[in-house]
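The values are calculated or read from the model by the stated rules, or taken from the named source; none is laboratory data. Please read these numbers as outputs of a predicted model, since none were measured by experiment. Because the Cβ atoms are built from the backbone with ideal geometry, glycine has one as well, and the counts that use them run over all protein chains shown. Accessible surface is based on the protein model in full, side chains and every heavy atom, while ligands, DNA and RNA are left aside. Shrake-Rupley method; radii C 1.70, N 1.55, O 1.52, S 1.80 Å.
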Amino acid sequence: MSDGAEIFTGSFTQQEPIPEDAIEAAIDVMRSGRLHRYNTEDGEVSALEREFAAYTGAKYALAVASGGYAMGAALRAVGIGPGDKVLTNAFTLAPVPGAIAGVGAQPVFVGVTEALTIDLDDLEAKAGEARVLMLSHMRGHLADMDRLMAICDAAGVTVIEDCAHTMGAAWRGQMSGRDGLIGCYSVQTYKHMNAGEGGFLVTDDDDIAARAILLSGSYMLYGRHGTRPPEAAFERAKYLTPNISGRMDNLRAAILRPQLRKLDAQCAAWTARYRVVEAGLRGTPGLTVIERPEEERFVGSSIQFLLGDWPTSAIRDVIARCAGRGVVLKWFGGAEPEGFTSRYDSWHYAPSAPLPKSDRILASILDMRLPLTFSEADCALIARIIRAEVGAVWQGLGQAAR
Ligand SMILES: *Cc1c(COP(=O)(O)O)cnc(C)c1O
C-alpha cells in the first residue's frame, strides 16, 4: 500500500437502523404484553403472513423462527426423513446442508458454474438420485429457472427453494421462491429484511401449508393464521404431524411489516450499489466480473468476482492488501471455513464426492457484502481499492511468470 492511498472506513457488517414506524409498532406490541402469536386473535404475525403471501403471490405464507427452520419444515412437509437423499448446491452456506442433516437426510451435492449458479448438467445427471432438490439461490444468483424446472419435472424431483439471498428477486418476472413447491426465506439481520432472526415459507399447496403450520407449533390454533388452507387439509394432517415449535412472535412481525412495505425500494438501492461496484471492477486485468442474465432481476446485497486460477498465495495477498485499506473480502477457497464461507467439503457429517470443476471455481470466488449503510460513493471507492490491489498483485504475478 503506497502512502496517501485511499482507505475505506465503513463497516461491512453495519445494517441500517430499524425504521421508526417499525420501532413504534414494536413498542405497541410490548405495551400490549401479547407477544405470542396465539395470544392475539388476528395479530401482527397473522397480518404479516397475509402481506408476505400477497407480496410473493403465494396462496399461503407461514412466518417462522428462522430461515433454517423454514427449510427443515419444508423438508418434513414433503416427507423427507432419515436415510433419504436430497439434492442441493455445493456452493451454499451451512444452514442448507444443516437443514437436510437436521431431518436425518443426506445431501447429494450438485456443482457450481462460473455464473455461480447450480450446474444444470450435473443436476440432470444426478436427478435420479433423490426425489427432492433443495435449491439454494446462493448470493442471489438465479439459475435458468426454466431449464431447471424442466429437468426436475421430467425426473419427478420436487423443488424447495432457499431464497435467503433472493427475497425480492425474480426470473422472467416470476418472484423467486415461486417456481418450486415451497419457497423459504430468512429475515435475520444479514438478509433483505431485518428482524434479528426469523423466516418464511410460502406455497400454493393445501397439504404442504397445513403440515407446515402444524409442524411450526400451532397448538390446534391454526384457525388464527393469516393465510391457511381449508379445514379438510388440517383434518388429514393434524394427528400425524409432530409439533416442532418454531413460530414467529408478534414483536418480530411488527418490526417486519413496515420493512416489507419498503422492500422493493431497498432491493433497488442494493442493486444500484452493486452496479457501481461492478462498473468499477469491470476490465480489471486478471479479474472476472459475473455477468448477470437479462431474465434475472437480482438483488445486489452482495457482490462476487473471480480471480480465476490465481495462485493461493496471490489471492491471500489481495485479501490482505484490501483488508489493509478497509475492504473486507471473503474467500470460498480457504482450506478452513472462516465466518460465513464454509464449503461443501467442510461439512464432514455429509459425505461428499469430489467435484473438481466446482473446486476450481470455488477457489476463485471472492465475495463482499454491500450493506445499505454504504453510499454509492463508498461503493465507487471500494471498487477503486479492489481494482488497484488486484492490479498490483496481478502485475507482480506477471513478473514472476504467472
Ligand atoms: C442465512 C441463510 C439461510 C437461512 O438462515 P437462518 O440464519 O437460519 O435464518 C439459508 N441459506 C442461506 C444460503 C443463507 O445465507
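Of the residues in the stretch 159-175, at least one is in contact (Cβ under 8 Å) with a residue 12 or more places away in the chain and farther than 20 Å from Cys267 by Cα.
For the stretch 170-192, a residue qualifies if it is within 13 Å of the ligand (Cβ to nearest atom) and either in a loop (DSSP other than H, G, I, E, B) or open to solvent by 40 Å² or more (accessible area, probe 1.4 Å) (or both), and the qualifying residues are Ser176, Gly177, Val187, Gln188, Thr189, Tyr190, Lys191, His192.
Table: residues versus (1) part of a strand (DSSP E or B); (2) open to solvent by 20 Å² or more (accessible area, probe 1.4 Å); (3) within 16 Å of the ligand (Cβ to nearest atom).
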{"position": "Phe91", "(1), (2), (3)": "no, no, yes"}
{"position": "Asp121", "(1), (2), (3)": "no, yes, no"}
{"position": "Ala125", "(1), (2), (3)": "no, yes, no"}
{"position": "Met134", "(1), (2), (3)": "yes, no, yes"}
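Look at (1) outside the structural domain of Ser218 (by TED's automatic domain parsing); (2) exposed (fewer than 13 other Cβ atoms within 10 Å of the Cβ) and you find that Phe8 fails only one, number (2).
Scan the stretch 233-249 for residues that are touching a residue at least 24 places away in the same chain (Cβ under 8 Å) and outside any loop (DSSP other than H, G, I, E, B) and jot them down.
So the first thing to find is which residues in the stretch 233-249 are touching a residue at least 24 places away in the same chain (Cβ under 8 Å), and the list is 233-234, 236-238, 241-249.
If the condition is that a residue be touching a residue at least 24 places away in the same chain (Cβ under 8 Å) and outside any loop (DSSP other than H, G, I, E, B), then Ala233, Phe234, Arg236, Ala237, Arg247 are the ones that fit.
From the list Ser301, Ser358, the one residue that fits, being within 29 Å of Gln14 (Cα to Cα), hydroxyl-bearing (Ser, Thr, Tyr) and in contact (Cβ under 8 Å) with a residue 60 or more places away in the chain, is Ser301.
State yes or no: is Gly104 open to solvent by 20 Å² or more (accessible area, probe 1.4 Å), assigned by TED's automatic domain parsing to the domain that holds Tyr69, away from the ligand (no atom under 15 Å from the Cβ) and modelled with pLDDT of 95 or more? Outline the logic, then answer.
Numbers: open to solvent by 20 Å² or more (accessible area, probe 1.4 Å): yes; assigned by TED's automatic domain parsing to the domain that holds Tyr69: yes; away from the ligand (no atom under 15 Å from the Cβ): yes; modelled with pLDDT of 95 or more: yes.
Spelling it out, Gly104 is indeed open to solvent by 20 Å² or more (accessible area, probe 1.4 Å), assigned by TED's automatic domain parsing to the domain that holds Tyr69, away from the ligand (no atom under 15 Å from the Cβ) and modelled with pLDDT of 95 or more.
Go through the stretch 49-73 and give me each residue that's closer than 16 Å to Asp249 by Cβ and away from the ligand (no atom under 16 Å from the Cβ). Of everything in the stretch 49-73, just one residue is closer than 16 Å to Asp249 by Cβ and away from the ligand (no atom under 16 Å from the Cβ), namely Glu49.
Is it fair to say Leu148 is in a loop (DSSP other than H, G, I, E, B), away from the ligand (no atom under 13 Å from the Cβ) and over 19 Å from Arg76 (Cα atoms)? Answer is no for this residue.
Could you identify the single residue in Ala61, Ala47, Ala25 that is closer than 27 Å to Tyr219 by Cβ, within 23 Å of the chain's Cα centre (by Cα), assigned by TED's automatic domain parsing to the domain that holds Asp205 and not in a loop (DSSP other than H, G, I, E, B)? Show your work before the answer.
Details: Ala47 fails: within 23 Å of the chain's Cα centre (by Cα); Ala25 fails: within 23 Å of the chain's Cα centre (by Cα).
The unique qualifying residue is Ala61.
For the stretch 368-391, a residue qualifies if it is crowded, with 21+ Cβ neighbours inside 10 Å and either more than 21 Å from Leu287 (Cα to Cα) or polar (S, T, N, Q) (or both), and exactly one does: Phe374. Checking every residue in the stretch 199-219 against the condition of being open to solvent by 30 Å² or more (accessible area, probe 1.4 Å), touching a strand residue (DSSP E or B) at 6+ places or on another chain (Cβ under 8 Å) and within 16 Å of the ligand (Cβ to nearest atom) gives zero matches. Of the residues making up the stretch 264-292, those that are surrounded by 15 or more Cβ atoms within 10 Å (Cβ to Cβ) and assigned to a loop (DSSP other than H, G, I, E, B) are Thr284, Gly286, Leu287, Ile290, Arg292. Residues that are open to solvent by less than 50 Å² (accessible area, probe 1.4 Å), under 28 Å from Ala363 (Cβ atoms), in contact with a strand residue (DSSP E or B) (Cβ under 6 Å, 6 or more places away or on another chain) and not in a loop (DSSP other than H, G, I, E, B): does the stretch 77-87 have at least one? Yes, because at least one residue in the stretch 77-87 is open to solvent by less than 50 Å² (accessible area, probe 1.4 Å), under 28 Å from Ala363 (Cβ atoms), in contact with a strand residue (DSSP E or B) (Cβ under 6 Å, 6 or more places away or on another chain) and not in a loop (DSSP other than H, G, I, E, B).
Within 13 Å of the ligand (Cβ to nearest atom), assigned to a loop (DSSP other than H, G, I, E, B) and at positive phi: is that true of Leu116 in this structure? Lay out the reasoning, then the answer.
Details: within 13 Å of the ligand (Cβ to nearest atom): yes; assigned to a loop (DSSP other than H, G, I, E, B): yes; at positive phi: yes.
Yes.
So, in the stretch 296-327, how many residues would count as being under 19 Å from the mean Cα position of the chain (by Cα) and not aromatic (Phe, Trp, Tyr)?
Of the residues in the stretch 296-327, the ones under 19 Å from the mean Cα position of the chain (by Cα) are 296-305.
Add one more test, that the residue is not aromatic (Phe, Trp, Tyr), and what stays is 296-297, 299-304.
Selection size over the stretch 296-327: 8.
Could you say whether any residue in the stretch 35-45 is open to solvent by less than 10 Å² (accessible area, probe 1.4 Å), β-branched (Val, Ile, Thr) and more than 16 Å from the ligand (Cβ to nearest atom)? Yes, because at least one residue in the stretch 35-45 is open to solvent by less than 10 Å² (accessible area, probe 1.4 Å), β-branched (Val, Ile, Thr) and more than 16 Å from the ligand (Cβ to nearest atom).
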